[in-house]
Amino acid sequence: MTTSTVKTQTSAPYWAGFRDGLPFILMAAPFAMVFGVIATDAGLTLAQGMGFSVLVIAGASQFAAIQMMIENASIAFVLLAALAVNLRMAMYSAALVPYLGAAPLWKRALVSYLNFDQTYIVSVARYESRPEMTVPERFAYFFGVATPIVPFWVGMTMVGMVAGAAIPEAWALDFIMPIMFLAMVAPMVKSLAHVAATCVSISVALALIGLPSGTGLLIAAGAAMLTGALVEIWIEGRQK
Amino acid sequence: MTYSDAQIWTIIAILGAGTFLIRFSFLGLIGDRPMPSFVLRLLRFTPVAVLPGMVAPLVIWPPATGGTLDPLRLCAALVTVAVGIWTRNVLWAIVAGALTLYSAMGLTALL
C-alpha cells in the first residue's frame with residue numbers, strides 16, 4: 001500500500017466531515033465573538049481570553065467560568081462550576097469508544113481535544129448510519145467536522161475581544177450572558193426529568209443566594225442532578 | 001474581578017487540563033469498561049443542573065440594576081426560554097432574546 005492510496009481512503013471521509021461541519025460556523029462564530037466581548041468586559045487580557053478559547057475550547061464552560069469570575073468566587077468554585085458544565089463530555093467520550101477505541105493514542109488524544117457538542121453529535125450520527133466505516137475513516141471524518149469550526153472559534157474570540165473594548169456600557173452586555181445560558185439550556189430541556197432538574201436547580205440556587213459565591217450553585221447543581229436521575233428512573237419504572 | 005494575572009492563568013490552565021481529561025476519560029483511559037448506569041444518568045443532567053441555577057439569580061436580581069427586578073431583562077429572559085423550547089435552536093433563542101432586550105431598551109429610551 002502506498003501513501004497515496006492511504007490518502008485517498010481517508011480524504012473522502014475527511015471532506016465529507018468538512019462539509020458537515022461547515023454549517024456550525026454560523027453558531028460558533030457569533031458565540032465566540034460574544035465570549036470575546038464578555039471576556040474583555042470582565043477585564044481579561046487578549047492573551048487570557050484566547051487562552052480560554054484555545055485551551056478549554058468549550059463554550060458553555062468558558063461562559064460559566066467568566067460569570068463566576070465576575071462574581072469574584074474563589075478559584076475552586078470557578079473551576080468546579082466550569083468543569084461541572086463539561087461533565088457531559090465524559091458521556092461523549094464513552095460513546096466514542098466503540099467507534100474510535102482502536103485508534104492510536106495520538107489520534108484518540110486529538111479527538112478528545114476536539115470533542116465538543118457539534119463534532120460529537122454529527123460524527124456519532126455518521127458512524128451509526130455507516131457501520132462499514134474503518135477506524136481511520138472515522139478519525140478522518142471527525143477531524144473533518146472540526147476543521148472549519150475551530151479556526152472560527154479561536155479567530156472570532158479575538159475579534160470579539162478587540163471589538164469589545166469599543167462597546168459602550170449602554171449596550172447592557174451584563175445581560176447577554178444570561179441570554180446565552182438560557183438559549184443553550186432551553187433546547188436541552190426535553191423530558192419531565194429535565195424539567196424537574198431545571199426547577200430544582202433554579203429554586204435551590206435562589207434559596208441559597210445568601211451563601212458565599214458559588215456554594216449555593218454547587219448544592220443546587222448536585223440536588224438537581226440527583227432529582228433528574230431519580231425522576232427518570234421513576235418514569236422508566238412506571239412505563240414497564 | 002479581583003484576581004491576579006497568575007490566578008487567572010491558573011484558572012485557564014486547570015480548566016483546560018480538566019476539560020481535556022474529561023474528554024479523554026473513556027476514549028483514552030478507561031476504554032470500554034462498563035460504568036455504573038446511575039453515574040451515567042447523573043452525568044446526563046449536568047448542563048440542566050448547573051446552568052439554570054447559575055442564571056436564575058442574574059434574571060431575578062440583575063447586578064446592573066443594583067439587584068432590583070428589571071421588567072426588560074425579565075422579558076428578554078422569558079422570550080429566550082420560550083423560543084429555545086419552541087425552536088430547539090440555540091441561535092434563534094439568542095437572537096430572539098437579544099432583540100427583545102434591545103427593542104425594549106430602545107422603547108423605554110424613547111418614551
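Just order A:11-17, B:33-39 by mean Cβ neighbour count inside 10 Å, highest at the front, would you? Walk me through the numbers on the way to the answer.
On the way: A:11-17: 17.9, B:33-39: 10.3.
Sorting A:11-17, B:33-39 by mean packing, highest first, produces A:11-17, B:33-39.
Looking at region A:15-72 from every direction and averaging, what is the projected area of its Cα convex hull in nm²? Kindly include the intermediate steps, with their values, before the conclusion.
Values: hull surface 17.3 nm².
For region A:15-72, the mean projected area of the Cα convex hull comes to 4.3 nm².
Quick check: the angle from helix B:5-24's long axis to the longest principal axis of chain B, C-alpha only, nearest 10 degrees?
It is inclined by approximately 60 degrees.
Report, as an integer, the average count of C-beta atoms from other chains found within 10 Å of each Cβ along A:75-87.
If you average over the peptide's residues, the count of other-chain Cβ atoms is 6.
Between B:PHE38 and A:ILE219, what is the spin-label point distance in nm, taking each point 7 Å from the Cα along the Cα→C-beta axis?
Output for this residue pair reads 2.3 nm.
Count, for each residue of A:216-228, the Cβ atoms from other chains sitting within 10 Å of its Cβ, then give me the mean as a whole number.
On the way: counts 2, 7, 2, 1, 6, 10, 3, 2, 8, 9, 5, 2, 7.
Partner-chain Cβ atoms within 10 Å, mean over residues of A:216-228: 5.
Treat each spin label as a single point 7 Å out from the Cα along the C-beta direction, and report the B:LEU99 to A:LEU110 distance in nm.
4.1 nm
Given points 7 Å out from each Cα along the Cα-Cβ axis, report the A:ILE75 to B:ARG88 separation in nanometres with one decimal.
4.3 nm
Shape verdict for chain A, please, from the Cα gyration tensor: rounded (a/c under 1.5), prolate (a/b greater than b/c) or oblate. Could you put the intermediate results ahead of the total?
Values: a/c = 2.31, a/b = 1.29, b/c = 1.79.
Cα axes put chain A in the oblate bin.
A:GLU132 to A:CYS199: FRET efficiency via 1/(1 + (r/R0)^6), r the Cβ-Cβ distance, R0 41 Å, to the nearest 0.05? Kindly include the intermediate steps, with their values, before the conclusion.
Details: r = 44 Å, r/R0 = 1.08.
Using R0 = 41 Å, I get an efficiency of 0.40.
Per residue and in Å³, how big is the convex hull formed by the alpha-carbon atoms of region A:189-240?
Numbers: hull volume 2.8 nm³, N = 52.
Considering the Cα atoms of region A:189-240, their hull volume per residue is 53 Å³.
Send over the Kirkwood Rh of chain B, from the inverse of the averaged 1/r over different Cα pairs, rounded to one decimal Å. Mind dumping the intermediate values first?
Numbers: mean 1/r = 0.0563 Å⁻¹.
Roughly 17.8 Å, rounded to one decimal.
Sum up the charges of everything whose Cβ sits under 11 Å from the Cβ of A:ARG130, counting Lys and Arg as +1 and Asp and Glu as -1, but leave A:ARG130 out.
For residues surrounding A:ARG130, the net value is -1.
Within 13 Å, Cβ to Cβ, of A:ARG88, how many net charges do the neighbouring residues add up to if Lys/Arg are +1 and Asp/Glu are -1? Let's see the in-between values first.
On the way: positive: B:ARG23, B:ARG41, B:ARG44; negative: A:ASP117.
Net charge around A:ARG88: +2.
Treating the angle as unsigned and between 0 and 90°, give the value, to the nearest 10°, between the Cα long axis of helix A:117-129 and the longest Cα principal axis of chain A.
That helix lies at roughly 40 degrees to the long axis.
Just report the Cα centroid separation between region A:38-106 and region B:51-95, whole Å.
Cα centres, region A:38-106 to region B:51-95: 22 Å.
Read-outs throughout are calculated quantities, based only on the coordinates presented, and are distinct from any laboratory measurement. Only a predicted model underlies this, so the values are computations on that prediction, with no experimental measurement involved. Every residue, glycine among them, receives a Cβ derived from its backbone with ideal geometry; neighbour counts consider all protein chains shown.
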